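J.: Have a look at this one.
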Amino acid sequence: MDSNFSNNMAQPPQGGSGMAIASMVLGIVSLVLSCCIPYVPFICALIGVILAAVSLSKKLPGKGMAIAGLVCSIISLIPAVLLVIGYFSLTSMF
C-alpha cells in the first residue's frame, strides 16, 4: 500500500459546529414562540446567546450559524422581556 494513503486516513476528525447549530435552532425556536408563550422563549434565547458566544469566542466552525443564532436570540429576547415585565406589572396591580 502507498504510505500517503495510510497517512491521510490517520488524521483526527475536525471539530463540528454543534454549538453554532444549537444556537441557531434555539434562536429560531425562541423567535417563533416569543409571541405565544411567555417563559419558554426567554430561556431558549438565553441559552442560544450563551452557545453563540461560546462558539464565536472559541472560533469554532459555523461562524455564520452562530451569528444567526445570536441575532435571532437577541431579537426574540425583546418581546419575551416585554411580556414578562407586562405580566409582573399587571399582577402587582391587583
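The values are calculated or read from the model by the stated rules, or taken from the named source; none is laboratory data. Every value quoted in this text rests on a predicted model; they were computed, and no experiment measured them. Every residue, glycine among them, receives a Cβ derived from its backbone with ideal geometry; neighbour counts consider all protein chains shown.
J.: Filter the range 29-43 for residues that are part of a helix (DSSP H, G or I) and β-branched (Val, Ile, Thr); which is nearest to GLY18 (Cα to Cα)?
T.: Result: VAL29.
J.: Here's another thing I want to ask about it. Answer yes or no as to whether LEU46 is more than 15 Å from the chain's Cα centre (by Cα), more than 18 Å from SER17 (Cα to Cα) and in a helix (DSSP H, G or I).
T.: no
J.: So, of the residues in the range 60-94 that are surrounded by 11 or more Cβ atoms within 10 Å (Cβ to Cβ) and part of a loop (DSSP other than H, G, I, E, B), which turns out to be nearest to the chain's Cα centre (by Cα)?
T.: So, considering only residues that are surrounded by 11 or more Cβ atoms within 10 Å (Cβ to Cβ) and part of a loop (DSSP other than H, G, I, E, B), the one nearest to the chain's Cα centre (by Cα) is GLY62.
J.: Looking only at residues that are buried (at least 16 other Cβ atoms within 10 Å of the Cβ) and without any contact (Cβ under 8 Å) to a residue 40 or more places away in the chain in the range 34-46, which one is nearest to ILE74 (Cα to Cα)?
T.: This residue is ALA45.
J.: Quickly run through the range 56-81 and pick out the residues that are of a type in the set (Gly, Ala, Ser) and closer than 9 Å to SER23 by Cα.
T.: Once the filter is applied, which keeps residues that are of a type in the set (Gly, Ala, Ser) and closer than 9 Å to SER23 by Cα, the range 56-81 yields ALA66, ALA68, GLY69, SER73.
J.: Quick one: count up the residues across the range 47-85 that are among the β-branched types (Val, Ile, Thr) and modelled with pLDDT under 90.
T.: Total satisfying the criteria: 4.
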